[in-house]
Amino acid sequence: MKKLATLAGILAISTAPAWAQTELSLWYHGAGNPTEGEILGTVISDFNASQSDWMVKLEQFPQGAYNDTIVAAAVAGNLPDIIDVDGPNMPNWAWAGYLAPLQLSEGTLDGFLPGTIGTWKDQVYSVGLWDAAVAMFARKSVLEENGIRIPTLDQPWTGDEFNAALETLKATGEFEFPLDLSMDDRGEWYPYAFSPFLQSFGGDIMDRTTYTTAEGALNGDAAIAWGEWWQSLFTNQYAPGTSQTAADHATGFIDGRYALQWNGVWNALPALEAFGDDLLFLPAPDFGNGPKIGAASWQFGVSATSQHQDGASAFIEFATQDKYVAAFSNGLGLIPATASAAELTENYKPGGPLAVFYDLSKAQGTLRPATPGYVVAALEFIKLAADIANGADVADTLDAATDAIDADIQRNNNYGF
């Protein structure tokens, strides 16, 4: 019996795998959000158990410090295998050598919302499992009482209709302001939420035909028209300006002090709880070149220095399954990347309370300029939007921003364009 046991042990050793799973490191910006971490942990554990080649290990960082951590790691040559990246920053990280193109099976991204696919120079570098969208929050009763047409996705307000609605709401005297834009949030919110208005006027942060200049796009006639309209929102007392507090933005619409609110899907549920069936999520107005809203949120990518880019891409492809996309949507409240995943969610399934945001994202979602230069251009847009709101000369302000953006592009040899 002893000899048989020894023989069995030898056979077990000889037939055991001669390898172990190769470790893949994943850095994520979601530290401090236990729900997000739990969902991602489930994806990781399922992936690790689904195959015998790769073992993903997660390390989380606070969002406020995450980008600086990535930059420092890139300089030191210590990037992880898998990175998550905010969509508009992806081209800069690809250009800087932080990211490699994804290696995905054909058809993996079929049906994904355009804003969830990170493309630079015709190659996919990142993919998001969710997107975010902005809508005009309104109360049906307020619009009907004031004879204001309720716009639809197919028939949004024109610019003239929108301006007339603001004047009508102001004239009632019932509201502190007819519109809340969240001017207190002077960060990426400004280009994400406000540059689509510029694009609807026919301007842009830069010329997307070449990505080598902002001339004409940011300071041409269409941009000046946008700037004059933008300034009028504050000179006419239609919206609170840059002195607005975060607390006023958080409570003003729900408290009834603001008639309309330009707000993100991440704030939709509290408004629904307050107003129920009286709440409307309306599309962006059309200022002449189509209604537009921002697109692209956090996405997963593979580091250019990873020795296991195939394994890192395999994990990302695994994570794109509908069940995980739906889980993130249910947990975070954001828009699922595919219609099939939306059907599995509580809020975005057909007839769900937030289903309109999926339609808005699909129909109106507009990416910020997909160029490494966006990182600097975004800062210039934040400054110009605030300065114009505070009364600066429109044409001079747009010219100055255009010159600053162009100077940065030239310093960086057109960022590869």
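The values are calculated or read from the model by the stated rules, or taken from the named source; none is laboratory data. The shown structure was predicted, so the numbers you read here are calculated from the model rather than taken from an experiment. When we count neighbours, we look across all protein chains shown, and the Cβ atoms used for this are built from the backbone with ideal geometry, even at glycine. The protein model used for the area step is the full one, side chains on, heavy atoms only, and it has no ligands, DNA or RNA in it. Shrake-Rupley method; radii C 1.70, N 1.55, O 1.52, S 1.80 Å.
The residues of region 315-326 that are of a type in the set (Gly, Ala, Ser) and surrounded by 22 or more Cβ atoms within 10 Å (Cβ to Cβ) amount to a single one, ALA326. Take ILE316 and decide whether it is β-branched (Val, Ile, Thr), closer than 23 Å to PRO151 by Cβ and in the same structural domain as TRP120 (by TED's automatic domain parsing). Judged against the criteria, ILE316 is not a match. Pairing residues of region 391-416 that are touching a residue at least 60 places away in the same chain (Cβ under 8 Å) and over 17 Å from ALA378 (Cα atoms) with residues that are among the hydrophobic types (A, V, I, L, M, F, W, C) and surrounded by 14 or more Cβ atoms within 10 Å (Cβ to Cβ), at Cβ distances under 6 Å and at least 6 apart in sequence or on separate chains, gives VAL394/ILE224; VAL394/ILE388; ALA395/ILE224; GLY416/TRP95.
Filtering TRP93, TRP54 for residues that are under 19 Å from the mean Cα position of the chain (by Cα) and in contact (Cβ under 8 Å) with a residue 60 or more places away in the chain leaves a single hit, TRP93. Quick one: which residue in GLN299, GLN237 is polar (S, T, N, Q) and under 28 Å from THR119 (Cβ atoms)? The conditions single out GLN299. May I ask you to verify whether GLY241 is in the same structural domain as LEU143 (by TED's automatic domain parsing), surrounded by fewer than 19 Cβ atoms within 10 Å (Cβ to Cβ), in contact with a Gly (Cβ under 7 Å, 6 or more places away or on another chain) and not hydrophobic (A, V, I, L, M, F, W, C)? When the stated conditions are applied, GLY241 does not pass them. Taking the residues in region 244-260 that are outside any helix (DSSP H, G or I) and open to solvent by less than 10 Å² (accessible area, probe 1.4 Å) as candidates, determine which candidate is farthest from ALA355 (Cα to Cα). My answer is TYR258.
Only one entry in ALA100, ALA94, ALA165 is under 23 Å from ASN236 (Cα atoms) and surrounded by 18 or more Cβ atoms within 10 Å (Cβ to Cβ), namely ALA165.
In summary, helices (runs of 4 or more DSSP H) completely within region 351-417 and bearing 3 or more residues that are of a type in the set (Asp, Glu) occur at 394-411.
Taken as a whole, the structure places THR397 among residues that are outside the structural domain of LYS121 (by TED's automatic domain parsing), β-branched (Val, Ile, Thr), in contact with a helix residue (DSSP H, G or I) (Cβ under 7 Å, 6 or more places away or on another chain) and closer than 18 Å to GLU215 by Cβ.
Inside region 153-190, residues that are closer than 20 Å to ALA363 by Cα and touching a Pro at 6+ places or on another chain (Cβ under 8 Å) make up a count of 6.
Search region 346-380 for residues being open to solvent by 70 Å² or more (accessible area, probe 1.4 Å) and among the basic types (Lys, Arg), and hand back the single one that is nearest to THR209 (Cα to Cα). The qualifying residue nearest to THR209 (Cα to Cα) is LYS362. Might you let me know whether region 306-326 holds any residue that is part of a loop (DSSP other than H, G, I, E, B) and either touching a helix residue (DSSP H, G or I) at 6+ places or on another chain (Cβ under 8 Å) or more than 24 Å from GLN51 (Cβ to Cβ) (or both)? Scanning region 306-326, I find at least one residue that is part of a loop (DSSP other than H, G, I, E, B) and either touching a helix residue (DSSP H, G or I) at 6+ places or on another chain (Cβ under 8 Å) or more than 24 Å from GLN51 (Cβ to Cβ) (or both), so the answer is yes. Number of residues in region 125-155 that are more than 12 Å from ALA165 (Cβ to Cβ) and β-branched (Val, Ile, Thr) equals 3.
Being touching a residue at least 12 places away in the same chain (Cβ under 8 Å) and surrounded by fewer than 15 Cβ atoms within 10 Å (Cβ to Cβ) is the requirement here; does LYS170 meet it? It is false that LYS170 is touching a residue at least 12 places away in the same chain (Cβ under 8 Å) and surrounded by fewer than 15 Cβ atoms within 10 Å (Cβ to Cβ). Selection within region 139-159: residues that are under 18 Å from THR172 (Cα atoms) and among the small types (Gly, Ala, Ser). The member of this set that is surrounded by the fewest Cβ atoms within 10 Å (Cβ to Cβ) is GLY147. Limited to region 395-417, what total is found for residues that are open to solvent by less than 10 Å² (accessible area, probe 1.4 Å) and under 24 Å from GLN231 (Cβ atoms)? Matching residues across region 395-417 total 4. Any chance region 289-302 includes a residue that's over 21 Å from the mean Cα position of the chain (by Cα) and open to solvent by 10 Å² or more (accessible area, probe 1.4 Å)? Checking region 289-302: at least one residue is over 21 Å from the mean Cα position of the chain (by Cα) and open to solvent by 10 Å² or more (accessible area, probe 1.4 Å). As a summary of the residue check, PHE61 satisfies the conditions (1) more than 24 Å from ALA377 (Cβ to Cβ); (2) modelled with pLDDT under 95 except for the one numbered (2). Counting only residues that are of a type in the set (Gly, Ala, Ser) and closer than 17 Å to TRP266 by Cβ, which one in region 150-195 is farthest from the chain's Cα centre (by Cα)? If we take residues in region 150-195 being of a type in the set (Gly, Ala, Ser) and closer than 17 Å to TRP266 by Cβ, then SER182 is farthest from the chain's Cα centre (by Cα). Residues in region 57-86 that are among the acidic types (Asp, Glu) and touching a residue at least 40 places away in the same chain (Cβ under 8 Å) were compared, and the one that is least open to solvent (accessible area, probe 1.4 Å) is ASP84.
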